[in-house]
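Each reported figure results from applying straightforward, stated rules to the coordinates on display, with no laboratory input. All values derive from a computational prediction rather than experimental measurement. We place every Cβ from the backbone using ideal geometry, glycine too, and count neighbours over all the protein chains shown.
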Amino acid sequence: ADSSVPVLITGESGTGKELIAKAIHNFSNRAEGQLIEINCSAVSQKQFELELFGYEKNGFSGIWSEKKGKLELANNGTIYLDEISGIDIENQGRLLRVLQENEFFRVDGSEPIKLNVRIIASTNKDIEEMIAQGLFREDLYHRLRVVETELPPLRERKDDIPFLIDYFIK
């Protein structure tokens, strides 16, 4: 938890990937910073781009105000990218720049914004298969999985059931 390296959490839906991401943040030296979450597959890719990177005021593209993105809001904290497999190739390239350079550009921005943010990502998809199909960048995959953890489904963790029952009863 105290490292600042990216973490990739894999496992079926419902295995608790979000809980693990929150625990990593809460036990890290970034716990006083924000944990910002974004579901990468729950919005259109254009909306995802605007939400993650923010945007500059620019009448040409129809944007009339400035907005900080979730990356900028997570500065000195953690950003949790749920279902990272839902990001298109173009946005994968932009995210790769964040991991490599610790900076990004807002949409329609011309000045780089420096960051100090930890990235935790999760997926229930087989990323290696997506790479083989040309749907996911291999370089991004390797940057994201500096630490990788696979969460087995509850059917393979029967010892956890009594703890969960006790938790839900309380």
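Between Ser4 and Lys68, the FRET efficiency estimated from the beta carbon spacing at R0 = 22 angstrom works out to 0.55. Taking label points 7 Å from Cα along the Cα-to-Cβ direction, Asn116 and Asn26 give a separation of 2.5 nm.
Each other residue within a Cβ distance under 13 Å of Val43 adds +1 if Lys or Arg and -1 if Asp or Glu, for a net charge of -4. Calculated mean residue ellipticity at 222 nm for the chain: -9500 deg cm²/dmol, from DSSP H runs with n ≥ 4 weighted as -39500 (n - 2.57), summed, divided by the residue count and rounded to 500.
Report, in debye and to the nearest 20, how large the dipole of the chain comes out about its Cα centre when Lys and Arg carry +1 and Asp and Glu carry -1 on their Cβ.
Charge dipole of the chain: 360 debye, to the nearest 20.
Working note: Cα gyration tensor of the stretch 15-71, eigenvalues times five, square-rooted, sorted largest first, giving semi-axes of 29, 15, 5 Å. Less than 12 Å Cβ to Cβ from His25, Lys/Arg counted +1 and Asp/Glu -1: what total charge do the surrounding residues give? That sum, taken over residues with Cβ under 12 Å, equals -1.
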